[in-house]
Amino acid sequence: LLSCRPSPFTSSLNVDFFLSEDAKITISLYDSQGKLVADKSADFLQGENTLGLDNLGELPAGLYWYRLDAEGQILSGKTIKY
């Protein structure tokens, strides 16, 4: 389970996910050129979780890719910033 909200976003972005076991999670946000513009890591327990990125208001409007790394299992998607 992976969802990104809100989409489109303005100043913050939350990624919802489900873990089958406890894990360290890293979320990364890339611009349309593939440049890393934000990231955050945290430890999470098994079950439904949310990891957010804040202070994104200064990023230009456009298409962005988010990547969720759960100890080697990688999920990704795209979103838009207004």
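The values are calculated or read from the model by the stated rules, or taken from the named source; none is laboratory data. Computed from a predicted model, the values in this text were never measured in an experiment. Note that each Cβ is placed from the backbone with ideal geometry, even for glycine, and that neighbours are counted across all protein chains shown. These area figures cover heavy atoms from the full protein model, side chains too; ligands, DNA and RNA do not enter into them. Shrake-Rupley method; radii C 1.70, N 1.55, O 1.52, S 1.80 Å.
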Cross-link partners among lysines for Lys35, C-alpha distance below 19 Å, same-chain residues fewer than 8 apart left out?
-> Lys78, Lys81
Zone of Glu21 (label point 7 Å along Cα→Cβ, backbone N under 19 Å): which residues in region 40-69?
-> 42-49, 69
Just read off the accessible area of Thr26 with the full protein assembly in place, 1.4 Å probe, to the nearest 10 Å².
-> 40
If you look at just the Cα atoms of the chain, how large are its Rg and its Dmax in Å?
-> 12.2, 36
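Would you mind counting up the charge near Asp16? Only other residues with Cβ under 14 Å from its Cβ, with Lys and Arg at +1 and Asp and Glu at -1.
Details: positive: Arg5; negative: Glu48.
Summing Lys and Arg as +1 and Asp and Glu as -1 gives 0.
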Taking only protein heavy atoms into account and a 1.4 Å probe, give the accessible area per residue of region 1-58 in Å².
-> 60
The summed charge of the Leu68 Cβ neighbourhood (under 12 Å; Lys/Arg +1, Asp/Glu -1) stands at -1
Between beta-carbons, use under 12 Å as the cut-off and find the net charge around Gly77, counting Lys and Arg +1, Asp and Glu -1.
-> +2
Gain on full stretching of the segment that runs from Gln33 to Leu2 - 0.36 nm per residue minus C-alpha separation = 8.9 nm
